[in-house]
Each structure stands twice: as structure tokens, then as C-alpha cells.
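Worksheet: the structure to be examined is printed underneath.
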Amino acid sequence: MESLDRATAWLLGKVGTSPDTALAGATPYLRLFASAAGGCMLADEGLAASRLNGGADVGGRVALARFFAENIAVQAGGLETTVTEGAESVSDAALRGAA
């Protein structure tokens, strides 16, 4: 969530003054947003399941949330960096005809 907060603030700061720079970070921003949203939903589901006294696959839901946190959500820092620092490489590739 902290990476998403910082990336959001950065994009909002750039969109008015340097829209091309902000747009260059749009795709990794969406991946970061999806990762944060998915992690929050899975954490809520795992917490809700752990509060129930049976009927739900508590272990499975908690394990899924843990897997997501340890394997998917850890990418947030890298995605934040790509959002905030990747514009130059996108622009360079577009100028050279690679995009």
C-alpha cells in the first residue's frame, strides 16, 4: 500500500506538468494497483475466514493470502520504481522506433 500511495502521489504530481512522463508509468501503475487491491482483498478474506468457527476453508484461505503476500505483493517496490523512474526508457524506445 505504501508503494501504491507514493506512486499515486507521483503520478498526480506529474500528470499536469509532464503528461507523457505520467503516461509512461501507466501500465506498471495498473499492475501495482491490482497487486495492492488483490492483496487487500485476500487478506480480508483470510481474516474473515479465520474468525469463523468452521464451515470455511480457513487454512486454505490464509495460505492463499500468504502466498500472494510472499510471491506477488513483494513486486510492489519494483513496480513503484518503474512508474516513477521508467519514463526515460519508454521515451527512448519510442524515439528509436522500438515501440
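The values are calculated or read from the model by the stated rules, or taken from the named source; none is laboratory data. Just so it is clear, the structure is predicted and the values come from calculations on it, not from any experiment. Every residue, glycine among them, receives a Cβ derived from its backbone with ideal geometry; neighbour counts consider all protein chains shown. For accessibility, only protein heavy atoms count, side chains too; no ligands or nucleic acids. Shrake-Rupley method; radii C 1.70, N 1.55, O 1.52, S 1.80 Å.
Within the shell defined by Cβ-Cβ distances under 14 Å, the residues around T8 carry a net charge of 0, with Lys and Arg each +1 and Asp and Glu each -1. With the Cα gyration tensor of the chain giving a ≥ b ≥ c as the square roots of its eigenvalues, does the rule (a/c under 1.5 for rounded; else a/b larger than b/c for prolate; else oblate) give rounded, prolate or oblate? Because a/c hits 1.5 or more and a/b exceeds b/c, the chain counts as prolate. The sum of -39500 (n - 2.57) across all DSSP H runs of n ≥ 4, divided by the residue count of the chain, sets its helix-only mean residue ellipticity at 222 nm to -25500 deg cm²/dmol.
Within the accessible surface of the chain, defined with a 1.4 Å probe on protein heavy atoms only, the carbon and sulfur portion equals 59 percent. How tilted is helix 26-51 with respect to the longest principal axis of the chain? Cα atoms for both, answer in degrees (0 to 90, nearest 10). In the chain, helix 26-51 runs at an angle near 10 degrees to the longest axis. In the neighborhood of A36, defined by Cβ-to-Cβ distances under 11 Å, what is the net charge if each Lys or Arg adds +1 and each Asp or Glu adds -1? Once positives and negatives cancel, what remains is -2.
The value of relative contact order for the chain, using C-alpha pairs under 8 Å at least six residues apart, is 40 percent. Rounded to 0.05, the FRET efficiency of the A48 and N71 pair, given R0 = 22 Å and the Cβ-Cβ distance, is 0.55. In the context of the full set of protein chains, residues of the chain present 66 Å² of accessible surface per residue (probe radius 1.4 Å, heavy atoms only).
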